Every structure is written in structure tokens, then in C-alpha cells.
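All remarks here apply to the structure that follows.
The values are calculated or read from the model by the stated rules, or taken from the named source; none is laboratory data. The structure displayed is predicted, hence computed values, not measured ones. Don't worry about glycine lacking a Cβ; one is built from the backbone with ideal geometry, like all the others, and counts go over all protein chains shown. Side chains are part of the model used for accessible areas, which takes the heavy atoms of the whole protein and leaves out ligands, DNA and RNA. Shrake-Rupley method; radii C 1.70, N 1.55, O 1.52, S 1.80 Å.
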Amino acid sequence: MTQNLLLMGTTTGLATSEKLEQEKALYIAWQLLTKRGYRVIFYTENREAFVNLRIDPQLLVVAEINLHNLKKVIQKFAIELILPTFSSFNTLLTIKSFMKTDFYQRHPVKLINLNTQTLKLTISHHALNTFLQNQGFRLIEHQLVPDFSAAQKFVIKQGFPVIIRSSNKEIKTYWNTISTIQQLQDFFEANPSNDGYEVERSINNFKEITMVIIGDKFANQAVVYSSEDVDPIGIHSTDSISVTPIFSISNTMYQRLRDAVLRLCHLLKIVGMCTFHLAVDEATNSFYILEISPLFQSKILPMIESLGYPLFEVVCEVGLGQRLQKVETLSGATINAAVELTPNHITARFPIWQTITQKDLVNNLGPRKTSTGAIIVNGNNLETVVMKGLKACNLQEAIFLKHLAASLSDEEIEVRLFTKNVQRIIAVCEALDRGFEIAEVQSFTKYNLTFLQTLQYLLQLSNQLQGQKGDLTLLIQAQEAGFDDQLLAQLWQITPQQIKQIRQQLRLNQIQQATPASFDIDQGAVLNYYSSYLQDPAKRPPNYQITLANEQNADVLSNYEMVMLTHRLIHHFQADGFSVAVRGNLLNNLDSLNQTDFYTDNLEVSNGLYNSKNILRLHFNTQEKHNQNYQLAIYNLWSYLHLWDAEPLQEVVFIQDQNQQLWLASPISSQLTQITPQRWEFVALSGKHQSQIVQQATAYIHQILPTVKFGTLFLKNDQVIQFLPGFTTNIGLTQEVNTNFINVLIHVLMGIDSSFANNKVGYFGRKVTIYRQKNGLYTSRIKYLTTQLSNASL
Amino acid sequence: MNKYLILEDGTTFQGDAIGVPSISTGELVISNNLSGLENTITDQTYNDQIIVFVRPFVDTGGMNRDDYEAIAPSCKGVIFNSVPASQFSVQDPHSLNNFLKKRHIPGITNINIQRLAQHIKTHGAMKASIMDTADEHARDQIRALVIPRDRVKTVSTKQPYPNPNVGFKIAVIDLGLKYSILRQLSIRKCDSIVLPYNATATDILDLDPDAVVFTSGPGNPQEIPETLKTCQQLEGQLPILGIGLGHLVVALANGAEIYHMAYGHHGSNLSTVEIATENIEFSNHNHNYAIEPQSMSQTNFFITHRCLADNVIEGLRHRSDPTMTVQFQPEAAPGTHDALYIFDEFIEMITSFKQGKNL
């Protein structure tokens, strides 16, 4: 008999790359659970576009996650199992409350990947500490204090710095680092609390380690992931550069950490996945458990994807009772998922921040998360991943060519080394370039020593290259350390083509390497490729009929829309039988089912992080289109905000074939409202075809844009006021309303006849709230207004 | 300086030199070790072999003396995916480059490790040379090479020596001993005496030990008939633990047969399953030979462990005698502590045997 399974948990409303990761995880979980014969019901607070690719709208519940609604969902759909999917504090609280109710006693549901104890330890820091203490683990000195004077006593005993947060039982509060009495006083004044405060000795010079364990109900466990943060503890883990696998702690310490987390997993009877955050101080040979989280953490998801481990497929399978060594993946392969991976490459995660220009990026770093996304890079050595990361973050030029901090005095550099902000990496490089001792830089910054040594080596290489133009040994050394043709050309003041010619003579080629650990996973691995320079014959790549290339943008909303658009394109191309390859650092393979070749980086592509639009480059080499290139652009919201005044605008997406046959999407009506000087609300609603709009748009296109294949028109009072040679961030809405959009687009681009029938399936809208902070960063929060696609209303 | 790795079938890989600038030839093995470079390079089981490290080497801390498994490593070369610049430091006495030079080990870094690993996986383990050129002469040399057959003799101690403590007296037959075996026995207070591979049963029994350990080591156990004979003579008289090569020695001595694996098990993160409990554990493996499953019917052993990846027999226990063996290396070093319990079970076995004997 079919069992009803509730896939529950909100993805963040904040448009970040984490949202994408969460949606991808949901999508994979849904695919697998459905394949296993479960009737999967989604309960989420936001519409998830990824999921909408295939899900039956009758099984999608979009409603606020709270106890009341949870009970209604369980009752309505006769839920037997719940899989809470993300680290949403609210979701956990709701489940915890639910488990205390009489309703739960009457309707007992089984939790997957979660049990009562792990739930408690995840929610309560105090409970975690008590548990760890009872199990003989060392604890960081901490105390619950009622007021300032008690906190002051703690500080006198432990010394500064300390971290402190108000102990609010209802909502999650953030830690603050306190280094002076004045800061402590200021904190208490700014944060009144009836529940007291948690104060803890700061361990901000420790290394932060993350480990992910998978366990089955037969008590089998495997450490499937480990990473190390480059920035010290005290800077939020998501704002730090992270590297997997762990690279700078000894084998002895690693095994101690492994023993500790496996013991905890055993004690907590973890079935599914559990993430552990640990702090390590090798000077005193000690470590602390900072956090236990039994849920998916979106920060580490793309890193695990880079290891090729089909994480979600495994989590769902073991959650349903399978043995770790006999897991069936989406691709149908039965794999041994009890593997502790030996990656033959290094993966690093570089955080990024959403700003309009890089100059605006003056953000301070601390315990509170501020980054809005991350770029994932792979390489076969640490030098290469650092170079790729710096390039993707637009920092290569500032560090190796422009030396942006060169005009500062040594004293000013020292001050900048102490200041925890995004720009500090430039000061660190300048200090190393000037000959500051590494030990000195490390004592100021607390950066990982190995990372600093790597930076110093790269800077030395760069200086040597500038001084010794034409030195071929140096060229090989530099390219093996991740210097690409463009940077070398700039350092030697020749063209990238000349560098390419030189390295070809040296048999130094750009090699594409697969990310899964080749000796560990065979079947079921999620395959992605990365490139590196090696003195090895280059393998001729397959002749793909269609290649899609995209680089990440700092504007996460356009990234989000681009990922959705690209995945839809891939689905259609593959359904039509074309061989497809995808390049770029934003896109990667999701699950073992997909057969598309993803190239996670491309050394030839220039950086586009702070461009005003996110560009997808399509290359066709099919029977109909031989060697043809197109660009699809999604413009960042801020780049066309100036079009609005008090009146709403109509957006119409059009596609036009070579015979000027025109396809018009249902219009989107949008309104921009400034709420405060920093805050805007951008509401977009889908509408029906109106004859006036159709007439105006058709006439405009035929007269002004007769050869343009696609684009967006803005209309005001039925008059066209602007043409955008691409799409806006509302393209997702357009796709949802006009289900044949992708089909028409593809066929027009490829020059194949297409039916232009426009099937409308529903109307809805969304509100994007943009908050521009004083420090130049901005955030975008998405809220879907009406969801007629989501028929499973409560 | 460029350096070339040339395989027996002529396939060539180019990279950069590290270690002593000499040429070398040996059997190529792929190691999955995630950490513990010192343990691996100094492990005598790699005698006459060229070790390929799949994982990029990142740690800049240098070679840690505390993790050596032998004073004089005898591998023929090391191949790295990548090595950080700091490990080439002339000043740092603990840098990898200095370590390899001091011990006369040649190496290559920055080669296409994925292509190499895939090649070995497809075509099986083969001989290889570390060369300065990639000409036909170099290829002829490797084709002419005969892999030595006396590896255990090379690495085993020439003289007995004690590792004193206050507990059970253990005779450790050194077939390529890793110090970590002694460390684990010491932790359990065992009073060990290390004996050469060709110690006779009489030599051993004269010492009146409480148990015997046949250690891990390099090569084919059929090349040490004297050890097989000793094992046959001791069995049933004393508790025996066979580790790695010692596991194969015990199996052969009891009528089992062995075969050469396609590319062996070399790594600290291979998973094995304990048959009785279906529990999974990760341990360090290092062997090119394994027991032929069909031949198990000719023995009086039952299988206790198998490798999850390829179902290879990884552990045995005698049905009546106090004899247990594991193909993997429970002492870890490098690798996880999952299988340390094997030593505890061995101590329990000795205790039970002594109690039975006293009764």
C-alpha cells in the first residue's frame, strides 16, 4: 500500500545560492522517494521552482510552517512519514512542538533523518553542552547569565575576548564577539532579554572543522565529508573560505576527531546524515564540538556534490531503512555508499556578497552571516583552487597586477590585517608581498598557516614571472599552480594566444579531470569536470551538439533564475536527443540520473561576477545550426529599476522566428515601491493577453526589431518604453505561466519549425523585497503572492 | 626538472622531479591514503614498489618522525598528484624533498594522476620506472626488469630484539613489521620479542611465548616457505594472529590458495564488513595477493571479514584452534581506529587459551 510521506521544511526566502542548493536537494529527494513508490507531499513556505519542474501541484502545500498547519497537513494527507529537509530553526521548533501534542500521540508519524534527541541538541545549545559533558567531552567555558554584572564576573574569570548572545527561546539569536568592557555594556544596552544571556570563552584562533557522517539503522557509519575553514573561528563559517578535504591537521588529530563524531553518532543513533562542527587547537592538542545538526546544511551541499557522492540519494535510502552498503541510486545502480572518500582533487568554497559594484564591498566579518552566495572551485592542488577562487571573486587583478594596497604604509597594512572585513585578503597579500613574516601575518589575522604559505608562494611566483619574462620553467611552475593564460599574458605583456602557443610547445595542456574519487566510487557517482594545466596529452573532448556556458553573478536573483532557465533548457535538449555539455562555476550535476557533462570551471572564460547581467552562452553544432553562437542574458534587477516611477509597468517577453512569426508571452505586470530609503518592494503579477498590449508589442517588434530573436519589452499605458535584449528576473514567472516558452525558444534558436500554441496553466505573482544596506550590500527576499499552481490548499 | 614515469606497457607520464635525482624501477601501486604520508612511505610492505598517491598533498607541516613505521623505508619511488612548494624547502630538514633525498627515494609530482589511476584500474598493476628520459632504451630497461622474490628477507630483522613490557609474552615474526603493531601490543602491555622471518618453531617455543604474531610484509607468501613451515608447526600450540602477509601465511599453511589481484588494495579507507554482525569498518589495506575463495573448503577456517568493494576475503578464524587473521592492517597507521579491536580480541583469545590450558 502506498505510504504518504511529507517532505517538509522551508527553503530560505532570501535569494541566496543556498536557496538554490536547498531546492536542488528537495528535487532530488522528491525524485528518489517518488521512485520508491511513496506519495510525496511537499509542505513549504515558498514555491520552489526546481520542484515545480515535475511535481503534481495537488501535492504541493505552500503555507506558513507552524504547528496548526502541520496538524492540518498530516490529517488531510494521512501522513505516515516526515522527512524534514533543512536546517530551518522554525521547522525544527514546529516538529518539536508537534511531538509534545496529544495529536502526535493519536497520529504517530515516523521521522526520517531525525530523532527526538538530535532534535533537542540541535535546537538547544545548553542541552548540547549538557549532553557532551555527560559523555566526557571537553566544553568551552560558558555560562548562562542574567545580567551585565554576572557577565562581567565571567569575563574577569575567563578574560577577553568572549562571545555572547541573548538566550531567546523563541527565535534564533546570533553570537557577538566582545573584546572590551565598553563593548559588553553596549551589547547589554542594545539587547534587552528576559531569558538571560549565554556567554562563552572565545576560541577565535582555533581551526573550524566540519565533518558529515552518514549512518544507517544497523549502526554502520561513514565520514563522507570533511572540510576546514581558512578564516579563524569568530567569522561565520559561511563567510569563510572553506576547503575540502581537511588539509592542515595531523593524521592523529583527524583520527581523534573521527573517533569522537562516530561515537556521538552511535550515541545519538543517527540514521541518515549528521553534520558536526568542531573547533581544533593543535597547539594544546584539544578540540571542542561546537554544533550537531542532523539536517542538510546548504553551505556544504555544493562541496559534497564536488566529491561525486550522491548524498541525497543515500540519505533518503538509508532513512527508509536500507543498509549503507546497498543503496540504490536514481540511476538504478546499487552502490556501496559506505565509503570514506579519497578525493583526487581539492575543492574550495569562496563566499561572495551581493553588491552592485565591487567597490561597495566594505563589509565587516564576524559571527553573523553576511555572504549571499559562494563560488565553488576545484583543482588538483591548493594553489590552483586559490587562484581559481581569487579569479572568480574578481580579486586576481587587484592582487597580482594592480597591487591595490601598495600605497599604504606598513602601519596601515597592520591595521588592515587586524580588521576583519572582506577586503582584508588584499592587505594580507600586500603584507606578504612586502616581506612581512608569515608568523606575524598569522598572529594578526589568525588565517590558516598553510593558506598563508600558499598565498606567499603565489605572490613570489607572480613577482618572479614579472622579472623573468620568457622563463619557461617558471611558466610551467606557474600554470601548474593555477596561473591561467590571461594572467600570464598580462604579467609578460604578451597575448593569451602567445602563451597558449608556448605552452603547447611545452606539452603543457589544459586537462579536464573528473571530480569523483576515481578509486572509491564507480557506479552512481555524480560526475563533474574541472580543469588544470599539466604536462600531459590533452584528451580530445567529445563533440557536443550543444554547449551552454555560464559564469556566476554576484546578484543571486539573476543566478537563481539562470539556473532554473538552464536546467529547463538542458531537460528539453536532452529530451530532443542532443548531446549537451555545460560549463561554468554556477552549474553542476545534481544527481546520478543526469547524464549531462558539467564542466565546473573554464579557465578560458573571463569573470562576470559584477556584471549587470548574467549571461548564458549557447553554442550549437547540430545538423540545423552548424557552429552558431547565441547569448541569453538575465538582467540584474537593479540594472533596470530606473524604468519605474509610481505607475506599474507591463513586461512582455517575445520570441520571433526568421519568418517574423511572433510568440508573445502573457504579460507580467510589475510595480516598484520604495518603502524606506533603503528598502524597495518589487511586486510582479502575471496577467492575461490584452489586445492593446499585443497590438503595441507586435507593431514595435515588426518595425523596430524585425531580426531580433527574443527579448523583453516594457510597456507603460500600452506604449512600449524600453526594449531589453534579454530577460528580466521575472523570467521564472514567465516560464511558469507560459509552459511552452522553453520549447518555442529552443526551436527558434535552432531554426526548427515550432508550434506557437501558448498553453496557460495558471496565474500568480511574487514580491521581491530589496534591502540595500549602508555598507553597500543588498539582499533580496522572495515571497510568492498567490499560488494557483499550488492547489493543495489547506 | 622533468621526470618520467614509464609503465611496463609503454604508457608514459611526465611530471616534475622530487626527492633523490636517480632512476628507479618497481611495481606500481595506487594508494588511497587520505593522510599519514609518513606511515605509508615508511611501511615496509611497500618494499620494491613505487607508490602513487591519488590525493593531492597539501599539508605544509613536513614529515613527522613520530609516525614512521620503519627507520629505513624501502619503497622504490613515490608519485604525487601535487606537492606544495614548501615541501621542496632546502632549509627545512623535515620537508618531503629532504626526507626523500636522505632516504634515496626518487619521486615525481604534478603528473596526471587520474589518467594513471584509471590506466591501472583498467589494465591492472604493472611494473614502472622513474626515468629522466622517455626514450625506447628506458622502456627496454623496464621490460627486462625482474621483480625480486626475496622482499621479506630484505626487510625482516636479521637479529631478534625485545620490546619489553609486563604483560603477555608475544613472539612477533617480522615479515616487514610496522612499528604500530608493536605500539598496539605495548598499549596492551604485551612483552614482545621480534624475530626474523626464518625463526623456526623450535626457536620460538624455546622463548615460551604466550602467543605469536605474523606481521604484515611485502610480496608473495609462497616465497617464504620457511615461515609457512613454522606456522604449520606452531598452529594449535599457541594463539596466533596473522596480519596482512601474516594472514596469507596462515592461510597457505592451512591449505588455502592465493591469487594475485588485478591492482591490489592500498589505502586507509577501504571498507570491510564483519560477516557475523554485518558491521562496516574502515581500515588500512596494503596487499596485492588475496585468498582464493574456492580453496577455503580445503581449510578448517571460517571467513570473518570481507571487503565491501570486491568481496575479497579479509579475515579468518580457525574453527577449533586459537588462530585468527586479518588481511587488512588493524593497527591503522595511517587510517582509522575502527579495527583496533582485533588486538583486543587477540588478547582475549590468549587469556581464554591460557585459562583453558591451565584447567
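Which of the lysines could a cross-linker span from B:Lys178 if the Cα-Cα distance has to be under 24 Å and same-chain partners fewer than 8 positions apart are dropped?
B:Lys76, B:Lys101, B:Lys102, B:Lys153, B:Lys158, B:Lys169, B:Lys189, B:Lys229
For region B:151-358, with only Lys/Arg (+1) and Asp/Glu (-1) charged at the beta-carbon, what is the dipole magnitude about the Cα centre, in debye rounded to 20?
Working: 14 positive and 22 negative charges, 78 e Å.
With only Lys, Arg, Asp and Glu charged at Cβ, the dipole is about 380 debye.
Calculated FRET efficiency, A:Asn134 and B:Ile187, Cβ-Cβ r, R0 25 Å, to nearest 0.05?
0.40
If you average the C-alpha positions of region A:261-302 and of region A:122-145 separately, how far apart do those two centres end up, in angstrom?
Result: 14 Å between the Cα centres.
Going by average Cβ neighbours within 10 Å, how do the peptides A:126-132, B:140-146, A:708-714 rank, with the highest at the top? Could the numbers behind the result be given before it?
Values: A:126-132: 16.6, B:140-146: 11.9, A:708-714: 18.9.
Descending mean neighbour count gives A:708-714, A:126-132, B:140-146.
Given the protein assembly as shown, what percent of its DSSP beta bridges are antiparallel, to the nearest 5? Could the numbers behind the result be given before it?
Values: 155 of 207 bridges.
Among the beta bridges of the protein assembly as shown, antiparallel pairing accounts for roughly 75 percent.
Among A:Phe714, A:Val362, A:Ser242, whose Cα sits farthest toward the positive end of the charge dipole of chain A (+1 at Cβ of Lys/Arg, -1 at Cβ of Asp/Glu, about the Cα centre)?
Towards the positive end, the residue furthest out is A:Phe714.
Per the helix-only calculation at 222 nm, which mean residue ellipticity applies to chain B, given -39500 (n - 2.57) for every DSSP H run of n ≥ 4 and division by its residues, nearest 500 deg cm²/dmol? Numbers along the way, then the final one.
Numbers: 10 runs with 89 residues, N = 359.
One gets -7000 deg cm²/dmol as the mean residue ellipticity at 222 nm.
Treating cross-link reach as a plain straight distance, find the lysines whose alpha-carbon is under 19 Å from the alpha-carbon of A:Lys217, omitting any fewer than eight places away in the same chain.
Cross-link targets: A:Lys110, A:Lys269, A:Lys326.
Students often get this wrong, so check it: of A:Lys153/A:Lys207; A:Lys19/A:Lys299; A:Lys539/A:Lys625, which have C-alpha atoms separated by over 19 Å?
Details: A:Lys153/A:Lys207 28 Å; A:Lys19/A:Lys299 10 Å; A:Lys539/A:Lys625 25 Å.
Long pairs (Cα-Cα over 19 Å): A:Lys153/A:Lys207; A:Lys539/A:Lys625.
I need the shape label for chain A. Rule: rounded when a/c is under 1.5, else prolate if a/b > b/c, else oblate, with a, b, c from the alpha carbon gyration tensor.
Values: a/c = 1.42, a/b = 1.12, b/c = 1.26.
It comes out rounded by the Cα gyration axes.
With solvent modelled as a 1.4 Å probe, how much accessible area in total do chains B and A shield from it at their shared surface, in Å² to the nearest 100? The partial results should precede the final answer.
Values: alone 14590 and 31150 Å², together 41900 Å².
Interface area, both chains combined: 3800 Å², rounded to the nearest 100.
Which lysines have a Cα lying under 29 Å from the Cα of A:Lys402, excluding residues fewer than 8 positions away in the same chain?
Excluding near neighbours in sequence, the set is A:Lys359, A:Lys388, A:Lys391, A:Lys420, A:Lys446, A:Lys469, A:Lys500, A:Lys613, A:Lys774.
What's the local net charge at B:Lys3, with K and R +1, D and E -1, over the other residues with C-beta under 15 Å away?
Numbers: positive: A:Arg507, B:Lys76, B:Lys101; negative: A:Glu480, A:Asp536, B:Asp16, B:Asp132, B:Asp135.
With Lys, Arg at +1 and Asp, Glu at -1, the net is -2.
Under 15 Å from a label point 7 Å along Cα→Cβ of A:Lys774: give me every residue in region A:159-200 with its amide N that close.
No residue passes the distance filter.
Could you let me know the centre-to-centre spacing of region A:483-509 and region B:67-86, using Cα atoms, in angstrom?
First find each Cα centre; the distance between them is then 33 Å.
Multiply the residue separation of A:Tyr174 and A:Met1 by 0.36 nm, subtract the distance between their alpha-carbon atoms, and state the gained length in nm to one decimal. Don't skip to the answer; put the middle values down first.
Details: separation 173, 0.36 × 173 = 62.28 nm, distance 4.58 nm.
Working it through step by step, the gained length comes to 57.7 nm.
How high is the relative contact order of chain A? Use alpha-carbon pairs under 8 Å, at least six apart in sequence, and give a whole percent. Intermediate values should be presented prior to the final figure.
Values: 1626 pairs, mean separation 89.9, N = 794.
Across chain A, relative contact order equals 11 percent.
Summarise the partner chain shielding of B:75-82 as one whole number: the mean count of Cβ atoms from other chains within 10 Å of each residue's Cβ.
Values: counts 0, 0, 0, 0, 0, 1, 6, 12.
That works out to 2 on average.
For B:Gln298 paired with A:Val362, estimate the spin-label separation in nm (one decimal), with each label point 7 Å from Cα along the Cα-to-Cβ line.
Label at B:Gln298, label at A:Val362, 8.2 nm between them.
Relative contact order of region A:141-201: what whole-number percent is it, with Cα pairs under 8 angstrom and at least 6 residues apart? Before the final figure, lay out each step's value.
Values: 92 pairs, mean separation 31.8, N = 61.
Averaging sequence separation for qualifying contacts and normalising by length gives 52 percent for region A:141-201.
Placing unit charges on C-beta atoms (Lys and Arg positive, Asp and Glu negative, everything else neutral), compute the dipole magnitude of chain B about its Cα centre in debye, rounded to 20. Display every interim value, and only then the final one.
Working: 27 positive and 39 negative charges, 82 e Å.
Using only the charged Cβ atoms, the result is roughly 400 debye.
Count the net charge of all other residues whose Cβ sits under 14 Å from the Cβ of A:Lys716, scoring Lys and Arg as +1 and Asp and Glu as -1. Mind dumping the intermediate values first?
Working: positive: none; negative: A:Asp645, A:Glu647, A:Glu651, A:Asp718.
Value of the local net charge: -4.
Between B:His104 and B:Thr157, how high is the FRET efficiency from 1/(1 + (r/R0)^6) when r is the Cβ-Cβ distance and R₀ = 22 Å? Nearest 0.05.
Working: r = 21 Å, r/R0 = 0.94.
Plugging the Cβ-Cβ distance into 1/(1 + (r/R0)^6) gives 0.60.
Just going by the charge dipole of region B:151-358, with Lys and Arg at +1 and Asp and Glu at -1 on Cβ, which of B:Ala339, B:Asn198, B:Pro225 is farthest out on the positive end?
The listed residue farthest towards the positive side: B:Asn198.
Taking the Cβ-Cβ separation of A:Ala489 and B:Thr351 as r and a Förster radius of 60 Å, what is the calculated FRET efficiency to the nearest 0.05? Please report the intermediate quantities before stating the final value.
Values: r = 72 Å, r/R0 = 1.20.
Once rounded, the FRET efficiency stands at 0.25.
Provide the descending list of Cα extents for region A:115-273 along its principal axes, expressed in whole angstroms.
For region A:115-273, the Cα extents along the three principal axes come out at 50, 35, 26 Å.
Would you mind calculating the relative contact order of region B:151-358 from Cα pairs under 8 angstrom and at least 6 residues apart, reporting the percent as a whole number?
Working: 487 pairs, mean separation 37.1, N = 208.
Here the relative contact order equals 18 percent.
Hey, got the dipole for the protein assembly as shown? About the Cα centre, +1 on K and R Cβ, -1 on D and E Cβ, debye to the nearest 20?
Numbers: 92 positive and 106 negative charges, 457 e Å.
Taking the Cα centre of the protein assembly as shown as origin, the dipole is about 2200 debye.
Between A:Ser227, A:Phe287, A:Cys265, whose Cα lies farthest towards the positive end of the dipole of region A:219-328 when Lys and Arg beta carbons carry +1 and Asp and Glu beta carbons carry -1, centred on the Cα centre?
After comparing all options, I get A:Cys265.
Extent of chain B along each principal axis, from alpha carbon coordinates, in Å, largest to smallest?
Result for chain B: principal-axis Cα extents of 69, 44, 37 Å.
When you look at the Cβ of every residue in B:48-59, what mean number of other chain Cβ atoms sits within 10 Å? Kindly include the intermediate steps, with their values, before the conclusion.
Values: counts 0, 0, 0, 0, 0, 2, 8, 10, 13, 3, 14, 8.
That average works out to 5.
Go ahead and estimate [θ] at 222 nm for chain A from helices alone: -39,500 (n - 2.57) per DSSP H run with n ≥ 4, summed, over the residue count, rounded to 500. Please report the intermediate quantities before stating the final value.
Numbers: 23 runs with 253 residues, N = 794.
Per the formula, -9500 deg cm²/dmol.
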